[in-house]
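Following: one structure in C-alpha coordinates, then a few remarks.
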Amino acid sequence: WQENRSVYGARKLWHAMKREQFDVARCTVERLMRDIGIEGVRRGKKVVGQNVKTSVPRALDAVSLPQEVTSFFPCQLSGGIKQRVLIAMALILRPRILIADEPTTGLDVLTEQEILQTLNIAADETGASLLFISHDLWAVGAIANRTLVMDQGHIVEDADIANLDISEVPAARRLAEAAKALQASC
(Lines give C-alpha, C1' and ligand atoms only; values in the text may rest on other atoms or scores of the structure.)
Protein backbone atom coordinates (compact mmCIF):
# COMPACT_ATOMS: atom_id res chain seq x y z
CA TRP A 1 0.00 0.00 0.00
CA GLN A 2 2.77 2.50 0.85
CA GLU A 3 4.43 2.38 -2.58
CA ASN A 4 1.05 2.78 -4.31
CA ARG A 5 -0.10 5.59 -2.03
CA SER A 6 0.57 8.35 -4.56
CA VAL A 7 -1.22 6.49 -7.35
CA TYR A 8 -4.64 6.69 -5.73
CA GLY A 9 -6.60 9.23 -7.77
CA ALA A 10 -10.24 10.11 -8.04
CA ARG A 11 -10.92 7.11 -10.28
CA LYS A 12 -9.60 4.54 -7.80
CA LEU A 13 -11.36 6.27 -4.93
CA TRP A 14 -14.57 6.32 -6.97
CA HIS A 15 -14.32 2.55 -7.50
CA ALA A 16 -13.51 2.01 -3.82
CA MET A 17 -16.65 3.89 -2.83
CA LYS A 18 -18.73 1.95 -5.37
CA ARG A 19 -17.53 -1.32 -3.81
CA GLU A 20 -18.87 -0.05 -0.50
CA GLN A 21 -22.36 0.22 -2.06
CA PHE A 22 -22.01 3.97 -2.50
CA ASP A 23 -25.10 5.00 -4.50
CA VAL A 24 -23.94 7.89 -6.70
CA ALA A 25 -27.37 8.61 -8.20
CA ARG A 26 -28.88 9.36 -4.78
CA CYS A 27 -26.15 11.73 -3.59
CA THR A 28 -25.89 15.45 -4.10
CA VAL A 29 -22.76 16.90 -5.68
CA GLU A 30 -21.64 18.15 -2.25
CA ARG A 31 -21.87 14.65 -0.75
CA LEU A 32 -19.96 13.13 -3.67
CA MET A 33 -17.18 15.71 -3.49
CA ARG A 34 -16.96 15.64 0.32
CA ASP A 35 -16.81 11.85 0.38
CA ILE A 36 -14.06 11.77 -2.23
CA GLY A 37 -12.09 14.21 -0.08
CA ILE A 38 -12.69 12.16 3.07
CA GLU A 39 -11.71 8.93 1.30
CA GLY A 40 -8.59 10.64 -0.05
CA VAL A 41 -7.54 11.85 3.40
CA ARG A 42 -8.23 8.39 4.82
CA ARG A 43 -5.85 6.99 2.19
CA GLY A 44 -3.13 9.52 3.02
CA LYS A 45 -3.75 12.12 0.31
CA LYS A 46 -3.62 15.86 0.89
CA VAL A 47 -6.66 17.78 -0.31
CA VAL A 48 -7.17 21.26 -1.75
CA GLY A 49 -7.74 23.75 1.07
CA GLN A 50 -7.13 23.40 4.77
CA ASN A 51 -9.45 20.44 5.23
CA VAL A 52 -12.22 18.49 3.52
CA LYS A 53 -14.85 21.14 4.39
CA THR A 54 -12.94 23.90 2.61
CA SER A 55 -11.81 21.68 -0.25
CA VAL A 56 -15.25 21.48 -1.94
CA PRO A 57 -15.77 25.27 -2.27
CA ARG A 58 -12.18 25.81 -3.41
CA ALA A 59 -12.39 23.06 -6.03
CA LEU A 60 -15.69 24.43 -7.37
CA ASP A 61 -14.19 27.92 -7.46
CA ALA A 62 -11.23 26.60 -9.47
CA VAL A 63 -13.59 25.42 -12.22
CA SER A 64 -15.82 28.55 -12.08
CA LEU A 65 -18.89 26.87 -10.62
CA PRO A 66 -21.19 28.52 -8.06
CA GLN A 67 -21.58 26.92 -4.64
CA GLU A 68 -25.29 26.33 -5.35
CA VAL A 69 -24.36 23.44 -7.66
CA THR A 70 -23.58 21.35 -4.57
CA SER A 71 -27.26 21.02 -3.73
CA PHE A 72 -28.09 19.34 -7.05
CA PHE A 73 -28.11 15.67 -7.94
CA PRO A 74 -25.97 14.60 -10.96
CA CYS A 75 -29.09 13.90 -13.06
CA GLN A 76 -30.11 17.56 -12.67
CA LEU A 77 -26.93 18.94 -14.25
CA SER A 78 -26.14 19.67 -17.90
CA GLY A 79 -23.28 17.86 -19.63
CA GLY A 80 -20.93 20.83 -19.32
CA ILE A 81 -21.64 21.32 -15.62
CA LYS A 82 -21.12 17.58 -15.00
CA GLN A 83 -17.74 17.79 -16.75
CA ARG A 84 -16.72 20.72 -14.55
CA VAL A 85 -17.90 18.93 -11.40
CA LEU A 86 -15.80 15.89 -12.38
CA ILE A 87 -12.76 18.12 -12.92
CA ALA A 88 -13.38 19.72 -9.50
CA MET A 89 -13.67 16.27 -7.93
CA ALA A 90 -10.32 15.32 -9.39
CA LEU A 91 -8.78 18.60 -8.17
CA ILE A 92 -9.83 17.91 -4.56
CA LEU A 93 -7.06 15.30 -4.38
CA ARG A 94 -4.39 17.69 -5.74
CA PRO A 95 -3.19 15.43 -8.54
CA ARG A 96 0.27 15.77 -10.01
CA ILE A 97 -1.11 14.65 -13.35
CA LEU A 98 -4.62 15.22 -14.65
CA ILE A 99 -5.71 12.75 -17.35
CA ALA A 100 -8.53 14.02 -19.56
CA ASP A 101 -9.70 11.29 -21.94
CA GLU A 102 -12.05 12.78 -24.56
CA PRO A 103 -13.45 15.31 -22.05
CA THR A 104 -15.36 17.31 -24.67
CA THR A 105 -17.01 14.47 -26.58
CA GLY A 106 -20.73 15.07 -27.00
CA LEU A 107 -20.63 18.70 -25.86
CA ASP A 108 -21.71 21.71 -27.90
CA VAL A 109 -19.01 24.08 -29.21
CA LEU A 110 -19.47 26.75 -26.52
CA THR A 111 -19.43 24.22 -23.69
CA GLU A 112 -16.40 22.54 -25.27
CA GLN A 113 -14.50 25.85 -25.21
CA GLU A 114 -15.47 26.40 -21.56
CA ILE A 115 -14.27 22.91 -20.58
CA LEU A 116 -10.96 23.39 -22.40
CA GLN A 117 -10.48 26.73 -20.66
CA THR A 118 -11.39 25.12 -17.31
CA LEU A 119 -8.85 22.33 -17.83
CA ASN A 120 -6.11 24.86 -18.63
CA ILE A 121 -6.94 26.98 -15.57
CA ALA A 122 -7.19 23.95 -13.30
CA ALA A 123 -3.81 22.61 -14.44
CA ASP A 124 -2.20 26.05 -14.02
CA GLU A 125 -3.65 26.66 -10.55
CA THR A 126 -2.71 23.25 -9.17
CA GLY A 127 0.60 22.87 -10.99
CA ALA A 128 -0.59 19.55 -12.39
CA SER A 129 0.52 18.22 -15.74
CA LEU A 130 -2.34 17.66 -18.16
CA LEU A 131 -2.50 14.59 -20.39
CA PHE A 132 -5.21 15.41 -22.92
CA ILE A 133 -6.41 12.48 -25.03
CA SER A 134 -8.56 13.28 -28.05
CA HIS A 135 -9.22 12.65 -31.73
CA ASP A 136 -10.26 16.29 -32.15
CA LEU A 137 -7.21 18.18 -33.42
CA TRP A 138 -8.91 21.53 -32.86
CA ALA A 139 -9.37 20.74 -29.17
CA VAL A 140 -5.82 19.40 -28.92
CA GLY A 141 -4.51 22.62 -30.51
CA ALA A 142 -6.50 24.72 -28.05
CA ILE A 143 -5.00 23.00 -25.02
CA ALA A 144 -1.66 21.40 -25.87
CA ASN A 145 1.76 22.81 -26.57
CA ARG A 146 3.01 19.42 -27.71
CA THR A 147 1.23 16.67 -29.65
CA LEU A 148 1.90 12.96 -29.66
CA VAL A 149 0.31 10.84 -32.41
CA MET A 150 -0.38 7.17 -31.74
CA ASP A 151 -0.87 4.40 -34.27
CA GLN A 152 -1.86 0.90 -33.19
CA GLY A 153 -1.01 1.65 -29.57
CA HIS A 154 2.46 3.10 -30.23
CA ILE A 155 3.62 6.72 -30.24
CA VAL A 156 4.75 7.39 -33.80
CA GLU A 157 5.11 11.18 -33.85
CA ASP A 158 5.94 14.01 -31.46
CA ALA A 159 5.33 17.30 -33.24
CA ASP A 160 3.50 20.59 -33.33
CA ILE A 161 -0.03 20.28 -34.77
CA ALA A 162 0.84 22.69 -37.58
CA ASN A 163 3.57 20.31 -38.74
CA LEU A 164 1.55 17.09 -38.76
CA ASP A 165 0.66 17.41 -42.45
CA ILE A 166 4.35 17.47 -43.44
CA SER A 167 5.35 14.67 -41.10
CA GLU A 168 7.33 11.72 -42.39
CA VAL A 169 4.94 9.47 -40.45
CA PRO A 170 1.95 8.34 -42.57
CA ALA A 171 -0.41 8.11 -39.57
CA ALA A 172 0.31 11.73 -38.60
CA ARG A 173 -0.26 12.92 -42.16
CA ARG A 174 -3.54 10.97 -42.40
CA LEU A 175 -4.74 12.48 -39.13
CA ALA A 176 -3.95 16.01 -40.34
CA GLU A 177 -5.62 15.37 -43.71
CA ALA A 178 -8.75 13.95 -42.07
CA ALA A 179 -8.99 16.97 -39.75
CA LYS A 180 -8.67 19.39 -42.69
CA ALA A 181 -11.27 17.47 -44.71
CA LEU A 182 -13.68 17.50 -41.77
CA GLN A 183 -13.14 21.22 -41.22
CA ALA A 184 -13.69 21.93 -44.94
CA SER A 185 -16.99 20.01 -44.96
CA CYS A 186 -18.43 21.95 -42.00
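The values are calculated or read from the model by the stated rules, or taken from the named source; none is laboratory data. Not measured: the values here are computed from a predicted model. Virtual Cβ from ideal backbone geometry, glycine too; neighbours counted across all protein chains shown. Just so you know, the surface numbers come from the protein's heavy atoms only, side chains and all, with ligands and any DNA or RNA stripped out. Shrake-Rupley method; radii C 1.70, N 1.55, O 1.52, S 1.80 Å.
Just to check your reading of the model, which residue among Gln113, Gln67 is of a type in the set (S, T, N, Q) and more than 29 Å from Asp160 (Cα to Cα)?
Gln67
Could you please let me know if Ser129 is open to solvent by 50 Å² or more (accessible area, probe 1.4 Å), among the polar types (S, T, N, Q), touching a helix residue (DSSP H, G or I) at 6+ places or on another chain (Cβ under 9 Å) and under 27 Å from Ala171 (Cα atoms)?
Details: open to solvent by 50 Å² or more (accessible area, probe 1.4 Å): yes; among the polar types (S, T, N, Q): yes; touching a helix residue (DSSP H, G or I) at 6+ places or on another chain (Cβ under 9 Å): yes; under 27 Å from Ala171 (Cα atoms): yes.
Yes: the conditions hold for Ser129.
If you scan segment 42-56, which residues turn out to be crowded, with 16+ Cβ neighbours inside 10 Å and either β-branched (Val, Ile, Thr) or at pLDDT 80 or above (or both)? Write out each step before concluding.
Looking only at segment 42-56, we keep the residues that are crowded, with 16+ Cβ neighbours inside 10 Å, and these are 45, 47-49, 52, 55-56.
Correct list: Val47, Val48, Val52, Val56.
Pairs needed: first member in segment 93-109, within 13 Å of Ile143 (Cβ to Cβ); second member anywhere, of a type in the set (Asp, Glu) and assigned to a loop (DSSP other than H, G, I, E, B); C-beta distance under 8 Å; at least 6 residues apart or different chains.
Taking only residues 6 or more apart or on different chains, the pairs are Thr104/Asp136.
Does Ala176 qualify as being more than 26 Å from Ile87 (Cβ to Cβ), in contact (Cβ under 8 Å) with a residue 12 or more places away in the chain and among the hydrophobic types (A, V, I, L, M, F, W, C)? Spell out the reasoning first.
Numbers: more than 26 Å from Ile87 (Cβ to Cβ): yes; in contact (Cβ under 8 Å) with a residue 12 or more places away in the chain: yes; among the hydrophobic types (A, V, I, L, M, F, W, C): yes.
Spelling it out, Ala176 is indeed more than 26 Å from Ile87 (Cβ to Cβ), in contact (Cβ under 8 Å) with a residue 12 or more places away in the chain and among the hydrophobic types (A, V, I, L, M, F, W, C).
Cβ-Cβ distance below 9 Å, separation of 6 or more or different chains: which pairs start in segment 150-167 with a residue that is acidic (Asp, Glu) and end on one that is part of a strand (DSSP E or B) and open to solvent by 70 Å² or more (accessible area, probe 1.4 Å)?
Close Cβ pairs (under 9 Å, with a partner that is part of a strand (DSSP E or B) and open to solvent by 70 Å² or more (accessible area, probe 1.4 Å)) amount to Glu157/Leu148; Glu157/Met150; Asp158/Leu148.
Counting just the residues of segment 132-181 that are touching a Gly at 6+ places or on another chain (Cβ under 9 Å) and in a helix (DSSP H, G or I), which one comes out most open to solvent (accessible area, probe 1.4 Å)?
Ala162
Scan segment 73-125 residue by residue and report those that are open to solvent by less than 20 Å² (accessible area, probe 1.4 Å) and assigned to a strand (DSSP E or B).
Selection gives Leu98, Ala100.
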